[in-house]
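Each value in this text was obtained by applying a stated rule to the coordinates, not by laboratory testing. Fair warning: this is a prediction, and the values are worked out from it, not measured in the lab. Methodologically, a virtual Cβ is constructed for each residue, glycine included, from the backbone with ideal geometry; neighbour enumeration extends over all protein chains shown.
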Amino acid sequence: MPNNSKIKTLLSERKNIFLGMIGLILLVFAGIKSFNEGMDANVYLYASKQFYLGEDIYSNNPFNLYLYSPFFAALLGPFTLFGDFGRALWGISNMILFFRLAFVFRNLITDNLNLTKKQTNWWIFGTIIISFGMVLHNISLGQITILIVWLTFEGLYQILIKKKKIIGGILLGMGVVIKIIPLLALFYLGLKKEVKAGLISGATIIALLFLPAIYVGYQGNIDLLKNWENTINPSEKYVFEFDNGTYSLNAVVAAYFFDFESFDVELPTNRPRQIMPLSYKAINRLLLILRLILVAGIVFVVFFRNSKIKSPNLRFIWEIAYLCLATALIFPHQQKYAMLYFVPAGSYFLMYFILSLRSGWNTKIHLRAISIFSLMITLLFTIQGRDIIGNEATEFFDDYHTFGLINLTAAILLIIIRPETVMIETNQNKIV
C-alpha cells in the first residue's frame, strides 16, 4: 500500500496536470476570442504598421484613434508579421500576463494569513469570479489594460517585496511610457522613499521615449511625441465626459452635477439622476477637490503605521488596491475595460469576509456590517455584464455610472478596512 508521501506526490502531479490543461484551454480560448472580436487590437497593430512605414500613427487609422506612445507602436512590430493572427497572439499574451498576476497575488495572500486549504480555495475561486468578467471583456476587445496592470503591479511587487529595484523600475517605467497612467505609481514610490527604483524608472521613461528615434530619426520621433501629447491632452477633450460607458471621476461628477441645460448639451439619459446643477467653475473645483482627496488617500495608506501588525504582504495588497482605485478614478476616459483596477480591492474585501467567517464573526457590529457591505458591492461589480443581467439592467447601471460609484465606495472602505483591522478583528495577530 503506497505511503502518504507518495499519495500526496501523485495528487500534486495530477493537480498540476489538471491546472496545466485548464491553462492551455484558456490560452486557446483567449486566442480565438481576440482573433474573432479583438477590434481594439487592430488599432494598435495598424499603428505599428504605420510606424514602420514612416507614417503618422495618430492619424488616418481606419479602426479608431490611436492613444498610446510611439514606443508601444514600435514594440508591437513582431505581432504585425502574423497578419490577422497577430490579434490572436495579442489575446494569448494578455492571458499569460493575467496568469502571472494571479500567481503573484495568490502567493502574497497565502504567505501571510495562514488560510486553511478550504479557505484558500474559496478565496481563489471567488477572486477568479470577480476578475473573469473584466479579463474576458479586455480580451474580447483586444484592450491594453491587462498589460498596464501587470507592468504596474509586477513593477511594484519586484521593488517592494522582492527588493529587485532594477527589474521593477524598468517595468514601471515601461508602463508609464506606454499609457501614462502608472505615473501615479511613481508618486507612490516617491512617498515610499524608493529613490533608486524611482531613478531607474525615470531613466527608463526617457530612454523609451526616445528609443523610436533609432528607426524614425530624432525629428520624426519628436513629431510623433508632440502628436501623442495633442491626442491625449486632458485639457481639451477629456475635461468632462458625458459617455455613460465612462467611469472616471470626470464622468461621474458630470453625470450628477453638470448643468446640461445651460450648456446646451444633450442629456445622455432620460433617467433622473442629477443631484444639483453646478456652474462650470464650481464643478471643476469639485472635480479637483475629489482628485486631491484621492491623492491624499495614497499619502495616508503609505504613512499610516500600526506597530502591532507585521504583515508586509498584506499591507502591500492594501496599498496597491487603493492605488488601483485611485488610478481608475483620477485619470479620464477609464471605461469598462479599466474596471479591472477594482479586482485587487474586491479580492481584499473577499479575504476580509472569509476571515470574518473564520473567526465566527468575532468582530464589532459595525465592522461586521462593513464586511458584509464590502462583499455586496463586490458582488454588484461582478454581476454587471449583459450576459448576466441583460441589456436593460446593464444600461440602467451604466446610466448611473455604477462602476465609478463602486470604485469611490471601495476607496472609502479600504481606508476603514486597514490591515490591522483584517488581522486584529479576526484574531489573526500572528503572521505565519
Next on the checklist: How high is the relative contact order of the chain? Use alpha-carbon pairs under 8 Å, at least six apart in sequence, and give a whole percent.
Outcome noted: 17 percent
Next on the checklist: Which of Tyr337, Tyr66, Tyr218 has the fewest other C-beta atoms within 10 Å, and how do the rest follow up to the most?
Outcome noted: Tyr218, Tyr337, Tyr66
Checklist entry - How do the peptides 165-174, 46-55 rank, highest first, by the average count of neighbouring beta carbon atoms within 10 Å per residue? => result 165-174, 46-55
Next on the checklist: Between segment 264-300 and segment 35-88, what is the separation of their alpha carbon centroids in Å?
Outcome noted: 35 Å
Checklist entry - Arranged by the count of other C-beta atoms within 10 angstrom, fewest first, what order do Trp122, Trp150, Trp318, Trp90 take? => result Trp122, Trp150, Trp318, Trp90
Checklist entry - Mind listing P(r) for segment 241-432? All alpha-carbon pairs, 10 Å bins, whole percents. => result 9, 32, 32, 19, 7, 1, 0
Item to check | Most mobile of Leu350, Leu186, Leu81 in a GNM of the chain (Cα contacts under 10 Å) | outcome: Leu81
Checklist outcome for this item: Quick calc, Leu211 & Phe300: beta-carbon distance into FRET formula, R0 41 Å, rounding 0.05, result 0.65
Checklist outcome for this item: In this structure, the FRET efficiency calculated for Asn391 and Leu27 from their beta-carbon separation, with R0 = 35 Å, to the nearest 0.05, is 0.70
Checklist outcome for this item: If N is the residue count of the chain, its Cα Rg over 2.2 N^0.38 Å rounds to 1.02
Checklist outcome for this item: FRET efficiency for Arg14 and Asn233 from the Cβ-Cβ distance with R0 = 56 Å, rounded to 0.05, comes out at 0.50
Item to check | Ranked Val176, Val299, Val216, criterion: other C-beta atoms within 10 Å, fewest first | outcome: Val299, Val216, Val176
Checklist entry - Out of Tyr157, Tyr58, Tyr215, any idea which swings most in a Gaussian network model of the chain, alpha carbons joined below 10 Å? => result Tyr215
Checklist entry - Cross-link partners among aspartates and glutamates for Lys336, C-alpha distance below 18 Å, same-chain residues fewer than 8 apart left out? => result Glu37, Asp40, Glu241, Asp243, Asp387, Glu392, Glu395, Asp398, Asp399
Next on the checklist: Roughly how far apart, in whole Å, are the Cα centres of segment 328-346 and segment 151-169?
Outcome noted: 21 Å
Item to check | Mean ellipticity per residue at 222 nm, deg cm²/dmol - from DSSP H runs of n ≥ 4 across the chain, formula -39500 (n - 2.57) | outcome: -23500 deg cm²/dmol
